[in-house]
1. Contour minus end-to-end for residue A:166 and residue A:60, with contour as 0.36 nm per residue of separation and end-to-end as the Cα-Cα distance?
2. How far apart, in nm, are the 7 Å Cα→Cβ label points at residue B:219 and residue B:317?
3. Give the interface area between chains A and B as buried accessible surface, both sides summed, probe 1.4 Å, in Å² to the nearest 100.
4. If you count the DSSP beta bridges with both ends in the protein assembly as shown, what percent of them are antiparallel, to the nearest 5?
5. Working out 0.36 nm times the residue gap between residue A:17 and residue A:188, then minus their Cα-Cα distance, what length gain in nm do you get to one decimal?
6. Size of region B:362-458 along its principal axes in angstrom, Cα-based, largest extent first?
7. Suppose we keep just the DSSP beta bridges with both residues in chain B; what percent of those would be antiparallel, to 5?
8. On a 0 to 90° scale, report how tilted helix A:207-219 is relative to the longest principal axis of chain A, with both axes built from alpha carbons and the result rounded to the nearest 10.
2 protein chains.
Amino acid sequence: MARQKKIFLEESEMPKQWYNIAPDLPSPLNPPLGLDGKPISPEMLAPVFPMNLIEQEVSQERWIDIPEEIRQILFQWRPSPLIRAYELEEALGTPAKIYYKNESVSPAGSHKPNTAVPQAWYNKQFGIKKLTTETGAGQWGSALAFACAQIGGIECKVYMVRCSFDQKPFRKMLMNTYGAKCVSSPSMDTQSGRDILAQYPDTSGSLAIAISEAIEEAVSDTTGKTRYSLGSVLNHVMLHQTIIGLEAKKQLAKVGVKNPDIVIGCCGGGSNFAGIAFPFMYEKLHGANIQIIGAEPFSCPTLTKGSFVYDNGDVARMTPMMAMYSLGHNFVPAPIHAGGLRYHGMSPLVSASLHDGLMEAQAIHQSECFEAGLLFSKTEGIIPAPETTHAIAATIREAKKAKEEGKEKVILFNFSGHGLMDLVGYEKYMTGQLSDYEYPEHEIEANLAKLKGYPMPK
Amino acid sequence: MARQKKIFLEESEMPKQWYNIAPDLPSPLNPPLGLDGKPISPEMLAPVFPMNLIEQEVSQERWIDIPEEIRQILFQWRPSPLIRAYELEEALGTPAKIYYKNESVSPAGSHKPNTAVPQAWYNKQFGIKKLTTETGAGQWGSALAFACAQIGGIECKVYMVRCSFDQKPFRKMLMNTYGAKCVSSPSMDTQSGRDILAQYPDTSGSLAIAISEAIEEAVSDTTGKTRYSLGSVLNHVMLHQTIIGLEAKKQLAKVGVKNPDIVIGCCGGGSNFAGIAFPFMYEKLHGANIQIIGAEPFSCPTLTKGSFVYDNGDVARMTPMMAMYSLGHNFVPAPIHAGGLRYHGMSPLVSASLHDGLMEAQAIHQSECFEAGLLFSKTEGIIPAPETTHAIAATIREAKKAKEEGKEKVILFNFSGHGLMDLVGYEKYMTGQLSDYEYPEHEIEANLAKLKGYPMPK
């Protein structure tokens, strides 16, 4: 049989439902808690999110229909191709068969539009006229800007962390091109922004500040027509991303693979990992023998060195407390290039999966990741985003192990995004200017110690 | 029937031969001439190109086999999708059915790898160890760097015009990531570079200088293992690009379209236009009624305001004289953002097609093009390269005409590349900082007048 590089699905074969892992988790999910330690009710979230998305956030339905209008927009790039990494396999001399799901083919260049489009759609259905959000490296802001342009009739305002805003002018231009407004955070547009600028006029900004500004703008619109949108961490975000793994299952079946032996994704807030992994966790929960690996930065080791605790999603403690693996909400990760993985916490659903033993985690230095990214660029041709190189480095580790063991394992990983707009890290690696960072052990300990008064998850 | 957004081909359906239009042209092609006015023999090109590519350059075979090893590399992204522009059609309210061939899915983001891969492969077959080339905006240099990494065992050296080298650091990083060496031109690596730097230390460089440097390095390698590579203009480049139109024909057939009514591509050196158009010119030569339109910048109107003459490809007159539409080799185009369309001449094969009445041309201002690019970004989601926006603007003109006439025309255009690394033009357009440039009528006249002593094509 001729070798086949790309495995496509017809548009008619794209999944018609998302998979919600919540009802299938061995232990019931710990609810989000308010600052008073009591569970948050859906109504308490209503000023921030539209009720139809809140319903998804707390849903215990296993399968949730994807509305037809959302499917029509996803068809612009979905189903995404599943690609056999023949060239990488040859370079490694491994008997492993490596497949990757190429999420970089979306207009914004990553998996993020998979949830940006439904979030914009549900908000519009609910009568919302404007969405606010924050962005760090810029992937999420670009995706939401794209989605609002597609849905139409919904404004998009992005608060971009000042240092990224200044360093990455192309990201802002990309959002502008889609018709969104992108401002440097802290900004003069909100009270929290003005307060910080008055006190620290030279601050480089932070994700925590940008979140505060975006939420403030949403909840302070007296017409009630503005809401806030988040690109990772939350349950409904993980839900929307499961289309990745559901497609991959159908594609693997076309080449005669019932289940892969290993599934790998990189982990920041958890959304691209959940997207590829949850549908295979479903198989695992039904008896399949699948090793599922989350790959995270050595310097921001949430899953490998964090604790399973109740913690806030932001520094200012504006978000509810969530049961998750965390390094403590005051933890400031080292300035690695994979900006999308620099987060102290982890999606509660992904955290529960690790706590319940459905997955494992590996922490990897950025130099090993960039080395993997370079090998991938030269063999498979596509340049991976710095975040994605973590999944590739973990894949290469497993492919080498398969070689040592002489086993023909099937490895599937999520190629979450391309790196065309993030080439500085490669340049630094190639010119010997890239540093690795040690485990910030004492800092993690000190930050986790501050959570002593918090409730404990069950 | 459910509407289908993307039309794919299986890898097994990818064309196995390229189409060479040379033997089918109504008038025989005028041969390239040396400075003495006598036809250039293949042997005279041997220090610059490998003989197997020179054979393709002068071939009169209609169909030329694509070697299997090249096909395997093209499978990384080919067959490329044909996409129905439903969202654009709706925004225009046109009865026209608009399809575009999405060449932006290649690892380098444009159609250029379609010829970079075969060129690297044929050079390697011929025993060549190093390829030199020049690049302006950076698309071609990136493509050749990618191709050399894929082929392996062949070095790549790119001379990048200094002003682009300084303005677009990401393009250089991209080439470096693929393992190529990219230097600013003029450089200290060649005699012609050193001479120019000695005389004009502050020069911003030019494509003509970069070509001189790349050719000098190739021909001065005493081991005979270095050759030069060109990304457009030449016959064998047009040949390799015909895979675009050949695939599009098969894809249109899948949705019941025998031939489109209109085929559109943007024109700089001619390669992406030839790629989509030549297979349909074949149909036209066999009786089909197809309107074929080349879209070019208003300020660099080679096809609409140039003369069909013998002219050199570069300012320094290092290249042979070719029979082509030209604005005169001393013509310096206005600094529009579509850098890839800023060329005084046009592929001899495309020029002959126009001269023989197989196609027509339209010149369009860059503001109309960016307006078209913005509309496309917001409707179809993908941000077009500034070059590609010319094809989109021409498509929108024809779609509006179809609306006025109430005709359900099928329009096919080539989406030659994405604009993720060229967003500055959009930013300037949106902030009102973009200028249009008038027809440089007197300059064209003066430059063409200088060609008075040149031979005339038949």
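1. Full extension of this stretch gives 33.9 nm more.
2. 1.4 nm
3. Buried surface at the A/B interface: approximately 3700 Å².
4. Taking every DSSP beta bridge with both residues in the protein assembly as shown, the antiparallel ones total about 35 percent.
5. 57.4 nm
6. 51, 36, 23
7. Here the share of antiparallel DSSP bridges comes out near 35 percent.
8. That helix lies at roughly 60 degrees to the long axis.
The values are calculated or read from the model by the stated rules, or taken from the named source; none is laboratory data. Keep in mind that what you see is a predicted model, and the values were worked out from it rather than measured. Neighbour counts run over all protein chains shown; Cβ positions are idealised from the backbone, glycine included. The accessibility values were calculated without ligands, DNA or RNA, using every heavy atom of the protein model including side chains. Shrake-Rupley method; radii C 1.70, N 1.55, O 1.52, S 1.80 Å.
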